[in-house]
Amino acid sequence: MKHAAWPYLIAILLFALMLALPFGPILSLHLVPGSPDSVTPMALGKALEALQVQSGHYPLWQPWTFSGMPTVAAFSYLSGLYLPNLVFGALHIDPMYIQLLHLVFAGMGGFVLARQLGLGSTAAFFAGSAFMLNPYMTAMLAYGHGSQLMTAAYMPWVLWAAIRLSERGSLADAGLLALLVGLQLQRAHVQIAWYTWMLVVPLLAVKILVDKNAGGSKIKTGGFALAALVLGVAVALQVYLPALGYLPFSARGAAGDAADAYRYATMWSMHPAELLTYLLPGAYGFGGVTYWGFMPFTDFPHYAGLIVLGFAVGGAVAGRKKPVVLFFIAMTVLALLLSFGNFFSPVYDLFYRFAPKFSSFRVPSMVLIVVALCLAMLSGFGLQAWLDKPLGDSSRFLKWAGIAVGVMAILFLSLESGLEQLLRASFPPVRIDNFSLVSMVGDLRWELFRSSLFMLILVFAGVLGLLWLVAKGMINARQAALVLVTVSSIDLLWMDHKIVSPADNSLRMSPLVERASLDVALEEDEVTRFLSSREGLFRIYPVGRLFSENKFSVAGIESTGGYHAAKLGVYQELLSRTENLANLDVLRMLNVRYVVSPQPLHAEELKPVASGALSLVSGQVPVAVYELSGAMPRAWFAPQADAVQSEAAAVEAVMQGGGSDGGVFVEAAPWQGVKRFAPGEVLSMQRSAESITMKVRADGEALLVLSEVWYPQGWKLTVDGRAQQALKVDGVIRGVIVPPGEHEVRFVYDRSRFETGRMVSTVATLLSLGLIVAGSVLGRGSSKSSNLASKS
């Protein structure tokens, strides 16, 4: 037993040591990822942490970005709902180290899965390292997509648990599968989790229905598997119950133009020609300005590793009669077809139209993480097949392979000039005014292609030489395998290093920034200090590139802008119709008192009131603060309301100045035409992140307007304790009909879905752990009984 654990311990140690090369600058925490996807959630997270401490409960609504939006339901601020973070938090482990630990976890998942599939330690380590060091995983960490990385890290573990359950059919394995599925779902990257289910469901079906080695009764094992998957979903229900309720109202799930939705969903489709990057990482540049492929942009090539790809092909051929190998081949083909998106649409369209929730996903090329895992496993099978039966009389094979390498080298040297001209003619134009820089980009693109092709020939020749040494008996197959695994790891590590720490002449900016500059960017500065000192309720409008800045939330400043893909659909429509709120009347309606701009603004309605430096990760940005005249208060009584037929008509009327006198436009109003209302007064307002209570007085039937985003499914309205429906005003904010006299108007954010989900998640987690413990005890007991029976 002790000896059996050593391969696993050694694998963990080696996987951890491997990360020192690409992630060395991060290990000291002197440098950290500083891309927008890394930085923008940090400010909001810091603000929500403070809110949680202040309110005493988990925040479900935040008012600081996009005039307010959900948190958990929009997959924001989920770290506190991820069970392992309770342990990491208690140990005070830095979030960067948590991500690195998940990378090691991914490698160990590949190792453990390969061992479960019958591979030896060397082949299993090869498979695990191929998955862990895949450029996709590295780029996700370096460019701030931690949830993708950590969700992907669970993929091999879920497959491992599914195979264990199908082969043994025990309660403990059912509990283990449920727990792993639930933890992966808690990391809340739905698209990666969906791809995992795309793998695990057919794998379970194949193993249980076809595999003769399936454990126990097929009906019993199938029942356990189904129960485990359902229980796994329940473990993460505290995240998904609110999210499913919000999805139809988010920018990602709201109904819109079908053609636009499809076009947006397929923007990052993988062109079949770009599959060449699996062999030649520089075939289409290397991300950034050097990239000349078919996607809008990218930061890394989908490189598999030359040795990994070679052994994956060998594994597919050698294991073609094994059901699990055929499964990995089929999943590789399926994932590739899905990644093509609109470049080869039949398979993608089938999933887009009929697969549950698939149409809400973006970036078809993300499914290539499935290819990375499948190729890693197939490469393990290939190496194991070679170790089990090294090439015997291979002189003929080596002879023809050597000739092929020689021909490749000769062709490369003789046709290099023509190939260069052909490729340069294919390069798309670079949108840069500097002619010398344009020339540099072209030269670098060619050099990346040339060096990749040269490396292909060199590695091919080196592998053939190693095989020749084995064939001649000069070294044994196991020694050669260790050399191959080492060279393969160095190949992938070097690629990862170039992603994390690009060379000075690569024309790519490093995704890393100094930790100190990041800390400064999250602290108070001249601009946020001025804005937070202003009295009363108001919002700001950040102009230009500041619009997507979340930094203001740290200072408690409510912004009409921000950065989040799953904002409310009604707000996304407003942004689209107004070109990111580029209309002063719309800003007034949204209670915008101050406009923050990095460029001078010249308008009579805008009065300069302050200037200073805004501290961002990119450095100090000089900005001016302008006060907008005529801004509406957070709540007011409208003198009249015009019934309109649509949200678009309401927004257009506001943009034309129709609400300058405080009048509003109501969609689906219970009246026709224009209706006048009695005056009223807001006597007091008590407000927290999830409740707004107003004491109001009206001289007659009045219309109270609240400049908060219209989301009746989340915010529940009562007037004097009686439930009432809010009106949709000006296409995006709320209205309340108030009878004569004094009344209490209250909006409260509905926490019921979250609290129900949290209770179910807690019970499901305990049940999963209970199944693991109970199943282990029962298994140990039956094992002892079997031993006693055999002795007697």
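Loop by DSSP (not H, G, I, E, B), at most 14 other beta-carbon atoms within 10 Å: where is the longest site-free stretch of the chain for chymotrypsin sites (Phe, Trp or Tyr not before Pro)? Write down the numbers at each step before the final one.
Details: sites that count: Phe297, Trp671.
Answer from the scan: 298-670.
Would you mind classifying region 429-584 by shape? Square roots of the alpha carbon gyration tensor eigenvalues, ordered a ≥ b ≥ c; an a/c under 1.5 is rounded, otherwise it is prolate if a/b is larger than b/c and oblate if not.
Numbers: a/c = 3.22, a/b = 2.46, b/c = 1.31.
Prolate.
More than 17 Å apart: what percent of Cα pairs in region 670-722 qualify?
Values: 654 of 1378 pairs.
In whole percent, the share of Cα-Cα pairs in region 670-722 beyond 17 Å is 47.
Within the set of other residues whose C-beta is less than 14 Å from the C-beta of Phe343, count the net charge using Lys and Arg as +1 and Asp and Glu as -1.
Taking every Cβ under 14 Å from that of Phe343, the sum is -1.
Semi-axes of the equivalent ellipsoid for region 708-778, please: Cα gyration tensor eigenvalues, times 5, square-rooted, ordered largest first, whole Å.
That gives 45, 13, 6 Å for the three semi-axes.
Can you compute the modelled spin-label distance between Gln54 and Phe354, with each label point 7 Å from Cα toward Cβ, in nm?
5.2
Rounded to whole Å and sorted largest first, list the principal axis extents of the Cα atoms in the chain.
Ordered largest first, the chain gives principal extents of 100, 81, 48 Å.
Please list, ordered by chain and number, the residues whose modelled amide H lies under 5 Å from the amide H of Phe665; skip anything fewer than 5 residues away on the same chain.
So Phe665 has HN proximity to Asp642, Asp730.
Do the sum for the chain: with -39,500 (n - 2.57) for every DSSP H run of n ≥ 4, divided by all residues, what is the mean residue ellipticity at 222 nm, to the nearest 500 deg cm²/dmol?
It lands at -17500 deg cm²/dmol.
Considering only His743, Ala702, Pro679, whose Cα is most displaced toward the positive end of the charge dipole of region 635-750, charges sitting on Cβ of Lys, Arg (+1) and Asp, Glu (-1)?
Ranked along the dipole, the leading option is His743.
In region 488-548, which GluC sites (Glu not before Pro) are in a loop and have at most 14 other Cβ atoms within 10 Å, using DSSP for the loop call?
Working: sites: Glu514, Glu523, Glu524, Glu526, Glu535; in loops: Glu523, Glu524, Glu535.
Passing both the DSSP loop test and the Cβ count: Glu523, Glu524, Glu535.
When Lys and Arg each count +1 and Asp and Glu each count -1, what net charge do the other residues less than 12 Å away from Leu614, Cβ to Cβ, add up to?
-2
Based on alpha-carbon centroids, what's the gap between region 109-142 and region 676-698 in Å, whole number please?
When both Cα centres are located, 59 Å separates them.
Treat every Asp and Glu Cβ in region 635-750 as -1 and every Lys and Arg Cβ as +1, leave all other atoms uncharged, and give the resulting dipole magnitude about the Cα centre to the nearest 20 debye.
Here region 635-750 has a charge dipole of around 220 debye.
Place +1 on the Cβ of every Lys and Arg and -1 on the Cβ of every Asp and Glu in the chain, take the dipole about the Cα centre, and give the residue among Gln620, Pro202, Gly473 whose Cα lies farthest towards its positive end.
Of the listed residues, the answer is Gly473.
Please work out the C-alpha center-to-center distance from region 1-55 to region 477-497 and express it in whole Å.
Measuring centre to centre over Cα atoms gives 24 Å.
Which longest uninterrupted range of the chain lacks any trypsin sites (Lys or Arg not before Pro) assigned by DSSP to a loop state (not H, G, I, E or B) and surrounded by at most 12 other Cβ atoms within 10 Å?
Details: sites that count: Lys212, Arg320, Lys321, Lys357, Arg431, Lys472.
It runs 473-792.
If you plug each phi of region 754-759 into the Karplus form 6.51 cos²θ - 1.76 cosθ + 1.60 with θ = phi - 60°, what whole-Hz ³J(HN,Hα) values come out, in order, with x for Gly and Pro?
These are the phi-based 3J(HN,Hα) values: 5, 5, 4, x, 5, 5 Hz.
Could you check how many percent of all C-alpha pairs in region 522-622 are farther apart than 20 Å?
Details: 1794 of 5050 pairs.
It works out to 36 percent of all Cα pairs.
Treating the beta-carbon of each Lys and Arg as +1 and of each Asp and Glu as -1, no other charges, what is the dipole magnitude of region 604-693 about its Cα centre, to the nearest 20 debye? It would help to have the intermediate numbers written out before the result.
Details: 5 positive and 10 negative charges, 45 e Å.
So the magnitude is around 220 debye.
Counting only residues 5 or more places away or on other chains, whose amide H sits under 5 Å from the amide H of Arg539 once H atoms are built in the peptide plane?
Correct list: Val592, Arg593, Tyr594.
From the C-alpha gyration tensor of region 635-750, pull out the three semi-axes of the equivalent ellipsoid (sqrt of 5λ each), sorted largest to smallest, in whole Å.
Equivalent ellipsoid semi-axes, largest first: 22, 16, 12 Å.
Which whole-number percent is the relative contact order of region 635-750 (Cα, under 8 Å, 6+ apart)? Could the numbers behind the result be given before it?
Details: 281 pairs, mean separation 34.3, N = 116.
It comes to 30 percent, rounded to a whole number.
Determine ³J(HN,Hα), in whole Hz, for all residues of region 536-543 in sequence, where each value follows from phi through the Karplus function 6.51 cos²θ - 1.76 cosθ + 1.60 and θ = phi - 60°; x replaces Gly and Pro.
Whole-Hz 3J(HN,Hα) from phi for region 536-543: x, 8, 6, 10, 10, 10, x, 8.
Mind checking which of Ser576, His564, Pro25 is farthest towards the positive end of the chain's charge dipole, using Cβ charges of +1 (Lys, Arg) and -1 (Asp, Glu) about the Cα centre?
Pro25
Determine the dipole magnitude for the chain: charges of +1 sit on the beta-carbon of Lys and Arg, -1 on that of Asp and Glu, nothing else is charged, the reference point is the Cα centre, and the result goes in debye to the nearest 20.
3440
HN-Hα J couplings of region 305-321 from phi, Karplus 6.51/-1.76/1.60, θ = phi - 60°, integer Hz, Gly and Pro as x?
x, 5, 5, 4, 5, x, 6, 5, 5, x, x, 5, 6, 5, x, 5, 9
No solvent, one uniform scatterer per C-alpha: report log10 I(q)/I(0) for region 185-314 via the Debye equation at q = 0.09, 0.13, 0.14, 0.20 1/Å, two decimals.
Computed log10 I(q)/I(0) values: -0.49, -0.93, -1.00, -1.11.
First select every other residue whose beta carbon is under 14 angstrom from the beta carbon of Trp194; then total the charges, Lys and Arg +1, Asp and Glu -1. Working shown, then result.
Numbers: positive: Arg187, Arg252, Lys357, Arg362; negative: none.
Within the 14 Å Cβ shell, the charges total +4.
Among His30, His271, His92, what is the fewest-to-most ranking by other Cβ atoms within 10 Å?
Neighbour counts put them in this order, fewest first: His92, His30, His271.
Over region 465-565, what is the relative contact order in percent, taking alpha-carbon pairs closer than 8 angstrom and at least six residues apart?
Once divided by the residue count of region 465-565, the mean separation gives 16 percent.
Could I get the Rg over Rh figure for region 1-80? Both from C-alpha atoms, Rh via Kirkwood, rounded to two places.
When Rh is taken as the Kirkwood radius, the ratio is 1.21.
Going by amide H atoms built from the backbone, whose H comes under 5 Å of the H on Gly562, apart from near neighbours?
Phe66, Ser548, Glu549
Measuring from centroid to centroid over Cα atoms, what is the spacing of region 704-776 and region 402-429 in Å?
Taking the Cα centre of region 402-429 as reference, the centre of region 704-776 is 63 Å away.
For a 22 Å ceiling on Cα separation, which of these pairs sit above it: Lys218/Lys322; Lys357/Lys567; Lys675/Lys716?
Violating the 22 Å Cα-Cα cut-off are Lys675/Lys716.
Rule-based calculations on the coordinates, nothing more; no lab input. This is a predicted model, so every value here is computed, not measured. With ideal geometry, Cβ positions are generated from the backbone for all residues, glycine too; neighbour counts draw on all protein chains shown.
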